[in-house]
Amino acid sequence: MSLSLLDLAPVVPVVVIEDASDAVPLARALVAGGLPAIEVTLRTEAGLDAIRAISGAVPEAVVGAGTVVTPEQVTESVRAGARFLVSPGWTDALLAAMRASGVPFLPGVSTTSEVVALLERGVREMKFFPAQAAGGTAYLRSLAGPLPQARFCPTGGIGPADAPEYLALPNVGCVGGTWMLPADALAARDWARVETLAREAAALRHHLRSAQV
């Protein structure tokens, strides 16, 4: 992969967009706050249109598609302008489609066997999902010893309080989250608040490094 998603920013916002007209101002707020990698999920009908809009109007954003579960969605997402793909889990068919897409991808795992299977297939960067429910930092810390070549973006149930603990792990490159996108701010289209929360999230790794010195 020419682009490592895990190194773009400490936090990847996981965005669920109901109205595609919100996509561009939302993306601009996240980028202004220092979070350029934006995962737009395909959980809503507006998902692909949102990716298309961000790709066309916010070139400084690295927009990707999340909740990709079929080969067809891989094709549709890349056509819409997705620059990376994220799945909650994987099959050989889905993995083959993501690999053939030509863009970086993070297949989802929640067990050691899935991690080993992906390593066997040459994939070293993965999404750990659902992170908190699947064992959280303790589980990932346990994987670092026997499988140090695997790197993760844990997503699912992570907030600003526990994100630093994940980011401190040697096998975690970034975390995915939604806390910088509170429902009331989105409903009010309060993009200034989103930008402020994004900036706080983007500073997590800096604060982590300062604490380790």
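The values are calculated or read from the model by the stated rules, or taken from the named source; none is laboratory data. Bear in mind the structure is a predicted one, so any value in this text is a computation, not a measurement. Cβ atoms come from the backbone with ideal geometry, glycine included; neighbour counts cover every protein chain shown.
Residues checked against (1) within 23 Å of Pro160 (Cα to Cα); (2) surrounded by 19 or more Cβ atoms within 10 Å (Cβ to Cβ); (3) of a type outside the set (Ser, Thr, Tyr); (4) more than 17 Å from the chain's Cα centre (by Cα):
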| position | (1), (2), (3), (4) |
| --- | --- |
| Val14 | yes, yes, yes, no |
| Ala20 | no, yes, yes, yes |
| Ala27 | yes, yes, yes, no |
| Val40 | yes, yes, yes, no |
| Leu48 | no, yes, yes, no |
| Ala57 | no, no, yes, yes |
| Thr70 | no, no, no, yes |
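Does Glu76 satisfy the condition of being closer than 18 Å to Ser4 by Cα and surrounded by fewer than 18 Cβ atoms within 10 Å (Cβ to Cβ)? No. Enumerate the pairs (first residue in the range 19-35 and under 12 Å from Ala57 (Cα atoms); second residue anywhere and part of a helix (DSSP H, G or I) and among the hydrophobic types (A, V, I, L, M, F, W, C)) with beta-carbon separation below 6 Å, excluding pairs fewer than 6 apart on the same chain, so at least 6 apart or on different chains. What qualifies is Ala23/Ala50; Ala23/Ala53; Ala23/Ile54; Val24/Ala53; Val24/Ala57; Pro25/Trp191; Ala27/Ile54. If only one of Glu72, Glu39, Glu18 is acidic (Asp, Glu), within 20 Å of Gly176 (Cβ to Cβ), outside any loop (DSSP other than H, G, I, E, B) and at pLDDT 95 or above, which one is it? When all the criteria are applied, what remains is Glu39. Given the condition among the hydroxyl-bearing types (Ser, Thr, Tyr) and outside any loop (DSSP other than H, G, I, E, B), answer yes or no: does some residue in the range 83-95 qualify? No, because not a single residue in the range 83-95 is among the hydroxyl-bearing types (Ser, Thr, Tyr) and outside any loop (DSSP other than H, G, I, E, B).
Taking the conditions (1) crowded, with 17+ Cβ neighbours inside 10 Å; (2) closer than 28 Å to Gly159 by Cβ; (3) touching a strand residue (DSSP E or B) at 6+ places or on another chain (Cβ under 8 Å) in turn, Gly89 satisfies each one other than (1).
At pLDDT 95 or above and surrounded by fewer than 15 Cβ atoms within 10 Å (Cβ to Cβ): is that true of Thr155 in this structure? No; evaluated as a whole, the condition is false for this residue.
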